[in-house]
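First the structure, in the form of structure tokens, and then the observations on it.
The values are calculated or read from the model by the stated rules, or taken from the named source; none is laboratory data. No experiment lies behind these values; they were computed from the predicted model shown. FYI the Cβ positions are ideal-geometry reconstructions off the backbone, even for glycines, and counts take in every protein chain you see. Note: areas computed on protein heavy atoms with side chains; ligands, DNA, RNA excluded. Shrake-Rupley method; radii C 1.70, N 1.55, O 1.52, S 1.80 Å.
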Amino acid sequence: MIPSSNIFIQPTNEEAISALLAGDCNTIYAGTNEVAEAVKEMTSQGESVVIGDVHFNHEPIALFTRDDDAVFSDFVNWILQAILNAEEQGVTQSSYLKVVPDNLFGDSFALAFQNAIKAVGNYAELYERNLDELVPRSGLNEINQGSTGRIIGGEFGNLDEEGPLFHTGTTLDKVKAKGFVSCGVNERAGFAEFDRTTSTWSGIDVDLCRALSAAIFDGVPNHVVYHSLTASDRFRVLASGVIDVLPRLTTHTYERDVLEPTTMMGFSFSKPYFYDGLSFAGVAPYGDCADRLDYTSEQCLGLKICVNKGTTTIARTRELFPEANIVPMDSGMSAIQGLVSGECNALAGGSHDLARNSVLQSGNVLDYEIGSTRYSKEPLAIVTRMDDPVWSDFVYWVVEALFIAEERGITKATAEKMPTTNLFGPLFRDMLQNAVSAGGAYNELYNRNLEVIVPRAGLNLLNTGSQPQLYPLPGLAFDQKDN
């Protein structure tokens, strides 16, 4: 960005600030917190300072743990998530008793979240106490309320370090050896659709599997075996090893991350690649009845809501409606067919479930209306087994590559502009380029598969670097009663 003749490199931030104060240079280029230190020092000496408002890269500061201890890594992550959730739900250090005891990490840690909030408060309190004077809170460090983009790429860091030639015993080695990656999917418009005439799959979940295949098999995107799974079976099938990866409309939640109930195992998740939430739709007036949570007024007494069992959707719907108003169905497609057949008069699901195009694939529904209220957070992510950090990391960075490609304006046609890396070993040197060459950057995947069903908006937009990025993951609901 800047000629080397204009750059005065210093070994530490402290020495860079000293050089600035001594007049050896007239500008400092660093992270916001380092710039803030320089500003504080210079203004104390009466200097006039101008701070730029353009960010030239991302510097997401995070907590680090060893990747050979997934349980502790989860524990650390969910302590941070509790602190973020506390801010979002209005729980403070003084009202820490609203944090409900929880035993997913075992009875000895039932009060872990409560004690964390008692000790330091919520994220807003931490920030105000420690950082606000230096770096006033704004942009990426604010909580995203759902109306602005949250798709953002990570930082690659140093890609020159060379990993091992083989990752013996890992899923990555096993997939390479068997010659294909096994992906669990769910037949749903825009996500995974099977054309029985051509025997081909399409959809954004399919494209993610193709990107993985290309990253593993030297640019070949079609070394994939697809398994169509029900919501109830998906985690058991992943745990059994029948599939290697699960990009199947799966919400990242606290419970599934730590101790998923059908397997009694924890799982690893990529960054979310699609953000959704529970809404209601149906035949008039029942779509509107469900949207308003009205099942007692005269016109809404016959409300029957079809909903896919084994999902976060049915769990949340049961919190909102009596069981008498709920019709559990074996799959999302069965729920839609139940509406078409008249078995129910309303649907519960994400925006993709309720979209007119999804419903029309099963038949025509007269006077179909879609509610506008979101009753949950549903960040959909790719799932892997928690006991294989190499494979989970590989999947994570393939997804990241698609986000980074969009940020950098790199497309399927220009995939060679992505960097090479030996971090996973020389066999996967071109993994980032190959992942993008399979189907393109994230925006290309979205436009091709989802735009006509769920027009891209809100959280699914690219975060340009100035919008709120903090996003408390779902699964931690604190008591809202006064304590």
_Convex hull of Cα atoms in segment 321-451, direction-averaged projection (nm²)_ = 11.5
*Distance violations [Cα-Cα > 26 Å] among 304/377; 40/118; 98/304; 176/309; 271/377; 178/377*: 40/118; 98/304; 176/309; 178/377
*Straight-line reach from residue 417: which aspartates and glutamates have Cα under 19 Å away, leaving out those fewer than 8 places along the same chain?*
155, 160, 218, 400, 406, 407, 430, 444
*May I ask you to evaluate 6.51 cos²θ - 1.76 cosθ + 1.60, the Karplus curve with θ = phi - 60°, for each residue of segment 294-302 and list the ³J(HN,Hα) values in order in whole Hz, giving x for glycine and proline?*
9, 10, 10, 5, 4, 6, 10, 4, x
*asked:* For a test of the definition: using alpha carbon positions, the gyration tensor, and the 1.5 limit on a/c, classify segment 273-345 as rounded, prolate or oblate.
replied: prolate
*Take every DSSP beta bridge with both residues inside the chain and express the antiparallel ones as a percent of the total, to the nearest 5.*
60
*asked:* With a cap of 14 neighbouring Cβ atoms within 10 Å, and only residues DSSP puts in a loop, list the GluC sites (Glu not before Pro) found in segment 410-464.
replied: 451
*Per the 1.4 Å probe, what fraction of the accessible area of segment 10-132, in percent, lies on carbon and sulfur atoms?*
53
*What residues qualify as long-range amide H neighbours of residue 188, i.e. H under 5 Å apart, gap of 5 or more or another chain, H built at 1.01 Å from N?*
193
*Across segment 72-131, how large is the tail of the calculated P(r) beyond 18 Å, expressed as a percent of all Cα pairs?*
27
_At a threshold of 8 angstrom on Cα-Cα distance, excluding pairs fewer than six apart, so keeping six or more, what relative contact order does the chain reach in percent?_
23
*Accessible area per residue of the chain at 1.4 Å probe, in Å²?*
48
_Ellipticity estimate at 222 nm from DSSP helix runs (n ≥ 4, -39,500 (n - 2.57)) divided over the chain, nearest 500_ = -10000 deg cm²/dmol
*Could you run the Karplus curve 6.51 cos²θ - 1.76 cosθ + 1.60 with θ = phi - 60° over segment 29-43 and give me ³J(HN,Hα) per residue in whole Hz, x for Gly and Pro?*
10, 6, x, 4, 5, 5, 4, 4, 4, 5, 4, 4, 5, 6, 5
_Gap separating the Cα centres of segment 421-443 and segment 371-394, nearest whole Å_ = 21
*Sequence-distant or interchain residues sharing an amide H contact under 5 Å with residue 224, placed H: which?*
181
*At what distance in nm do the modelled label points of residue 232 and residue 159 sit from each other, each positioned 7 Å from its Cα along Cα→Cβ?*
4.5
*In degrees, nearest ten, helix 389-408 long axis to first principal axis of the chain (Cα)*: 80
*Between residue 71 and residue 118, what length comes free when the chain is fully extended (0.36 nm per residue of separation minus the Cα-Cα distance, one decimal in nm)?*
14.6 nm
*Ignoring ligands, DNA and RNA, what percent of the 1.4 Å accessible area of segment 317-475 is carbon and sulfur?*
51
*Find the cysteines in the chain that fail to meet the 4.7 Å Cβ criterion with every other cysteine, and list them.*
25
_Please list, ordered by chain and number, the residues whose modelled amide H lies under 5 Å from the amide H of residue 274; skip anything fewer than 5 residues away on the same chain._
380
*For residue 225 and residue 294, compute 0.36 nm times the residue count separating them, minus their Cα-Cα distance, and round to one decimal in nm.*
20.4 nm
*Convex hull over the Cα atoms of segment 402-483, averaged projected area in nm²?*
9.2
*Which label marks the calculated value of Cα extents along the principal axes in Å, given the options (i) 73, 66, 66; (ii) 79, 58, 45; (iii) 73, 51, 41?*
(ii)
*Provide the per-residue ³J(HN,Hα) series for segment 84-91, in order, calculated from phi with Karplus coefficients 6.51, -1.76, 1.60 and θ = phi - 60°, each as a whole number of Hz, with x at glycine and proline positions.*
5, 4, 4, 4, 4, 9, x, 9
*asked:* Expected output is a single nm value to one decimal: the length gained when fully extending between residue 364 and residue 315, i.e. 0.36 nm times separation in residues minus the C-alpha distance. What is it?
replied: 14.8 nm
*So which aspartates and glutamates can residue 174 reach, going by Cα to Cα under 13 Å and dropping same-chain residues fewer than 8 places off?*
244, 388
*Could you work out the local net charge near residue 267, counting Lys and Arg as +1, Asp and Glu as -1, over the other residues with Cβ closer than 11 Å to its Cβ?*
-3
*Relative counts (whole %) of C-alpha pair distances in segment 1-154, using bins that are 5 Å wide*: 1, 7, 13, 15, 15, 13, 12, 10, 7, 4, 2, 1, 0
